Amino acid sequence: RVLAFVRVKPTAHFAQDMIRLGADNKSIDIYVQKSPRGGVVNNSQTDWSFKLDGLLHNTSQEVVYETVAKDLVSKALQGYNGTIMCYGQTGAGKTYTMTGTASEYRNRGIIPRAIQQIFKSAAEFLNILVTVRISYLEIYNEALFDLLAPALGRGCKDNQLAVMDGPQGVYVKGLSIHPVSHEEEALHLLFEAREPKLIGEHSLNKNSSRSHCIFTMYIECRSRDYTNHKCLRSKITLIDLAGSERLSKTGSEGQVRVEAAYINKSLSFLEQLIIALADPKREHIPFRQSKLTHVLKDSLGGKCDTVLVTNIYGEAEHVEETLSSLRFATRMNWVTAEPVPNEPFYREPSVKALEEEIQLLKQELVMQDNLTSHSLMTYNPLTTAQRAEIRSQVQKYLRGVIEEIDIVNVRQIQEVFRQFKVILSQQEEELESRLWNKYGLGQMAGSVLNSAKPNPQRVLVPDPSGEEFDQSGLSLPPVRKERIGSPPPETGQDESSSSKSPTKDQEEEEGEVEEEEDEEEKEKEPEEGDDQDNDDESSVSSSEESQDLRPSLSKEEAFEVFKKETGREIHKIFRENKRILIAKKKGIYSVAQRMNSLKEQIEGIKEDLEAEKRKRRQEGEYTDKKGQVIIDEKEFSLIVKLKQLKEEHRAGFSELQDLKTEIQYCQHLVDKCRKRLISGTE
């Protein structure tokens, strides 16, 4: 059977008289009183009982993943296809269950945790190479959009995605599939894809998803050394459905009302599909009724492991929607599946055969170019002279000497963009140096940069306090921009003074805000510099006007007010994420120290083994009947000890990689909270 779980959204107004949760964590009973408007003879049903595979009430994200997804993801590495789908009314917590929140690390959803499990399991395989590719599809108002192709937006006419039936099953024509080599890369794509997702606001949910989103991971396992040419493919489909809405409750109007109509229509077709799949006597299954049902043709039942998570409210005012969601979960529970691993297949011909095919394709391209009079077309790597010519053309284009650059092949396009990048970086360096010199900060900048440079003769490891390792610069003191003619700051000031900064965290956060504001002022100064040099009187008057228009609160005071009032919640999350980040960095510091110690022990044992081997050769070696060299007890113990230390070092390295991934994830959350603090203060 398809597994069906129910997750109840935590609420302070749980309807205990109407919703009763079973002690076995699998049953749920609903009781509704008869309405007095039904009259004297009222035969309406008042009691319902549902029994499913699991009930998740007041459970953490980690427990939800362990219960719902962990086994399914593990089986995907054995060749089984898997699907997890979140269903429920709007605002019940479907997106939270599937993707989690972007503010707190412990609230990660099923998708980030599945990515972590896949790459962690793949790293443990010694002889198997695991390749992972991902795609992210959005269905909005019965139109398909690729969330991992930002260039093709919703208003682009070239965004022509279509659901197709092929020999290998259903696929989306035009959908981009991105290979990812490690967990950080996959999470980066996931974070980028979450930004353009459509959300709307109504009375029940301020951040209501207005589209269905389908995240797919394509997994391929093969031998690392090509001793076995068989490959095994599987895929995991993670579906975040948009929530069903009752217009009488949401009060939606305009575009939000149109979107709600599309959402309810597609969910209605999905329920019809589930009813058909649950009926063994049904001959026709209506997969083509909507884009959603067509895309999920290979992901519901059949040969695929399928799990449903139904999100419901526990409040009395939503009991009708809760009943509807539980009925859907029961129907889904009736659907049967026969999960079988995918058949292994042999890889494509050898590399030599592929190289020959590439050469033939190049020859065909040359023939095609000759037929279309493109005789200058070439597909060989660019020479030094060609790169210099492209650099000259880019410089002429920027100066306005030529109107456009002649493009003949893809390699030239790549080189043109590279030259643009080089010129941009040079201009940024020149602009930065002019600003430092203009305001007399060259010596101070040099001293700061020199003090920040690491000693090349030392192997740097993260500081257990987390400050030296902080990539975001949260713990570094801000470099303040002084006014011209103002005295230099005193170096003997007490940083722990209660009048300026009550705590160390406040100092760091104020420094971050000041750094961002100083950067904004620096961006404006090059444009104002010419006016100041040419007309001193205008600069004086403008400065006087700016003083008159200056707000009553200083930047530090405004930041403190925002932190304590409007931004209190995000500041609390910021401090919590920072605490977790520092704890992770302390962990990576201790692991790095332990690995350095193990490395020293391994080197010492290797030297002792070499000494024992030289001593054995000098005294003469003894062999057994099979011709193998006989070693003494001391050398054997050294070999065993060396093997143990290498295993510990390998385990430490794996732990170090996991900590680095977690630190990068936490760093992203800290940066996002810091940006929200800064923008809120502004």
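The values are calculated or read from the model by the stated rules, or taken from the named source; none is laboratory data. Fair warning: this is a prediction, and the values are worked out from it, not measured in the lab. Counting neighbours? That spans all protein chains shown, and the Cβs are built from the backbone with ideal geometry, glycine included. For the accessible areas, the whole protein counts, side chains as well, though only heavy atoms, and no ligand, DNA or RNA atoms are used. Shrake-Rupley method; radii C 1.70, N 1.55, O 1.52, S 1.80 Å.
Taking Rh as the Kirkwood radius, which is the inverse of the mean 1/r over Cα pairs, what is the Rg/Rh value for region 1-134? Spell out each step's value before the answer.
Numbers: Rg = 19.7 Å, Rh = 17.8 Å.
The Rg/Rh ratio comes out at 1.11.
So how do PHE119, PHE653, PHE215 rank on accessible area, 1.4 Å probe, biggest first, that is with the largest at the start?
Values: PHE119 35, PHE653 105, PHE215 0 Å².
Solvent-accessible surface, decreasing: PHE653, PHE119, PHE215.
Could you state the accessible area per residue of region 51-135 in Å², with a 1.4 Å probe and every protein chain left in place?
Values: 3020 Å² over 85 residues.
Solvent-accessible surface per residue comes out at 36 Å².
Taking each residue as 0.36 nm, the span from GLN78 to GLU603 lengthens on full extension beyond its C-alpha to C-alpha distance by 185.1 nm.
When the pairs LYS396/LYS421; LYS9/LYS572; LYS9/LYS578; LYS26/LYS70 are compared against a 25 Å limit on Cα-Cα distance, LYS9/LYS578 fall above it.
The spacing between region 390-436 and region 289-335, judged by their C-alpha centroids, is 54 Å. Length gained on full extension, LYS555 to GLU338: 71.8 nm, using 0.36 nm per residue less the C-alpha separation. Full extension of the chain between GLN664 and ARG676 yields a length gain of 2.5 nm, computed as 0.36 nm times the residue separation minus the alpha carbon distance. Surface composition of region 246-299: carbon plus sulfur atoms contribute 49% of the solvent-accessible area (1.4 Å probe, protein chains only, all chains present). Cα centroids of region 634-682 and region 585-616: 20 Å apart. Model label sites at GLN368 and LEU126, defined 7 Å from Cα along the beta-carbon direction, differ in position by 4.8 nm. Annotation for region 275-325: trypsin sites (Lys or Arg not before Pro) lying in DSSP loop with at most 11 further Cβ atoms inside 10 Å of their Cβ are LYS281, ARG282. Modelled spin labels at LEU398 and GLN289, positioned 7 Å past Cα toward Cβ, are 5.9 nm from each other.
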